[in-house]
1. Return the sequence-ordered ³J(HN,Hα) values of segment 354-369 in whole Hz as given by the Karplus equation 6.51 cos²θ - 1.76 cosθ + 1.60 applied to θ = phi - 60°, using x for Gly and Pro.
2. With a 10 Å radius around each residue's Cβ, average the other Cβ atoms per peptide and rank 105-112, 346-353, highest first.
3. With the full set of protein chains in place, find how many percent of the accessible area of segment 110-158 is carbon and sulfur; take the probe as 1.4 Å.
4. If you take the square roots of the eigenvalues of the alpha-carbon gyration tensor of segment 366-417 and sort them as a ≥ b ≥ c, do you get rounded (a/c under 1.5), prolate (a/b over b/c) or oblate?
5. Starting at the first residue of segment 331-341, write each ³J(HN,Hα) from the Karplus equation 6.51 cos²θ - 1.76 cosθ + 1.60 with θ = phi - 60°, in whole Hz, x for Gly and Pro.
6. Kindly flag which residue pairs out of K551/K574; K352/K396; K409/K431; K350/K431 have an alpha-carbon separation exceeding 22 Å in this structure.
Amino acid sequence: MKLCYDLRAGVAVRHVKVKPRCAVLTMLKRLDKIRFRGPRTRDDFPDLGESPPPSDNECNDEVQPKPRAAPRDTEDAPRDPAGSGSPTMAAVVQDFQRSESERLSEVKGHLEIALLEKHFLQEELRKLREETNVDSLRQELERERSKRLDLEQKMNEVLRTRLEDSPPQPPRKQQSPSNNGTEKQQKEVWSSRLQKWLHERFGVYIEDFRFQPEESTVETEEPLSAKRLTENMRRLKRGARPVTNFLRNLSALSNWHSVYTSAIAFIIYMNAAWHGWAIPMFLFLAILRLSLNYLIARGWRIQWSIVPEVSEPMDPPKEDLTVSEKFQLVLDVAQKAQNIFGKMADVLEKIKNLFMWVQPDSTRKLYICLWVAFITSCVLPYKLMGFMMGVYAGIKFFIIDFLFKSCPKLRDKYDTPYIVWNSLPTDPQLKERTNATVSRRVQPVVSRSSLATIPSGMSREDDAGRSHSTKKGPFHEIFNLPESERPLAVCENGWRCCLINRDRKMPTDYIRNGMLYVTENYLCFESSSSKSSASKKNKVIKLEDITDVQKYKVLSVLPGSGMGISIATPSTQKPLVFGAMIHRDEAFETIYTQYMKILTTSKPPASAEN
């Protein structure tokens, strides 16, 4: 810069000093924009003073006075023969200005990069501090140190109090201060050794009693697969086999399947109960069974059972199952699970209703039995109570249960636990009872005059059949049948199904949804269409015109025997199919029995004519 000041003069020097000052100011403004860009304010950056300081010549607002050159220097300086305004001097000044602006722009770029790097590093440092939580770790460490110091102080105080409470010892000779110091050091060493020994000896057990939050373990659920399902079913059968065999043997003893075995078991049990050895006998039997299992596990062939074991044939596992086999397997498992869950729910609901006084008669009997048992336990000694309970259990298991199982009528009259248990209702049964009582209250009472209108030779069931009607009107009017034709009791409400007429090509006539009824002589299908032409879509088939009735499977891909019935008649080229029937087997049995009944009644007249 000094060289610049020596070479320049006049207006050129003033022009050179003013332009760098403006460039520096604009550069500082840009740096401020970059530095405080975003939602933060200037207060969030307290370290502005740490930014690199500008130079004296670049950032000072006051224009420093330029020292004038001495006349001697000016005289000694080489002059251009063309004068001060010659093009060479102007070129030198322009080159210097360009170099100066390039330097300023380079410095500005370095400053911007340095500031950006600085702020980026500050943000990363802040994030690392938040993630590591150094301050919280330091606080926890200080707390642990303070706890340790407190424990050491308490231990020292306990030792001091024990030493103070100890009986006074005879006075000793005064020792020198050096001996007192060594004794204190020895005491501290012994106390530290004692603490260390206690910690090593009992520290593990003390750590076991430290309260910690329980860890919640999440069990991983396996995806559904047919192979895993079949394997679990086989495992369940194998695991339940010992339990089922044990229950079968108990029932065989109670039913006197083998008279000699049951008689010997009855005599042994009653003798043990009479002498008060019932519980030791059961324990001895458990030990004996475990011993036999040990010998069987060692390779001995021991088979003892009152009832011969029946080995069910186990099908070899299939590696590749078809879609229909997988679907049928899932249906079988779902059906078994449904039945098991239903039985468990019935048992739990009956127990709940027994204790909640839902049926007061049954609960009253239990209440009286509990009071009798309580008073007996308070009055009689426990030895006598055990003797009475053991004798009653033997008589109940070997004699009373045998009589009740052999004579069901006797059981229905005198087996009180059996009667109470069967009379207990479940929640669905209670709901049905309440609905029935509400419907009885809401239903209008039939007057005597309406009862008098029924003919004497006709029963109420016949009259109900005459007045039977569907949602669209009387039954005989819908199908144009005689009034005597009415649905059978099995299908009084009809079976929901869809009629598939394969002789028709139009989709609207090919499949129809509706209800299927069976009368004494006809098979009636009522279409569920609400249009005026629905009566034309109803189908009436004479049972005597049917040539073939079979169970039908609409889709061969699905497992099972299907959900349809095919009926062939002379008027149709292809058999009519009634598909999507939930109660398909019930409907088939009803149609087939009525069809065979009509065939058997129509054949004798034909044979008589012949």
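The values are calculated or read from the model by the stated rules, or taken from the named source; none is laboratory data. In this text, all values refer to a predicted model and were calculated from it rather than measured experimentally. A quick note on method: Cβ atoms are made from the backbone with ideal geometry, for glycine too, and the neighbour counts reach across all protein chains shown. These accessible areas exclude ligands, DNA and RNA; they are computed on the full protein's heavy atoms, side chains included. Shrake-Rupley method; radii C 1.70, N 1.55, O 1.52, S 1.80 Å.
1. Running phi through 6.51 cos²θ - 1.76 cosθ + 1.60 with θ = phi - 60° gives 5, 7, 9, 6, 5, 10, x, 4, 5, 5, 5, 5, 4, 4, 5, 4 Hz.
2. Details: 105-112: 13.9, 346-353: 15.6.
Answer by packing, highest mean first, reads 346-353, 105-112.
3. Details: 2500 of 4410 Å².
Of all accessible area on segment 110-158, carbon and sulfur atoms account for 57 percent.
4. Working: a/c = 5.62, a/b = 1.73, b/c = 3.25.
The shape class here is oblate.
5. Result, ordered by residue: 5, 5, 5, 5, 5, 5, 5, 4, 5, 5, 5 Hz.
6. On the way: K551/K574 15 Å; K352/K396 26 Å; K409/K431 30 Å; K350/K431 14 Å.
Violating the 22 Å limit, Cα to Cα: K352/K396; K409/K431.
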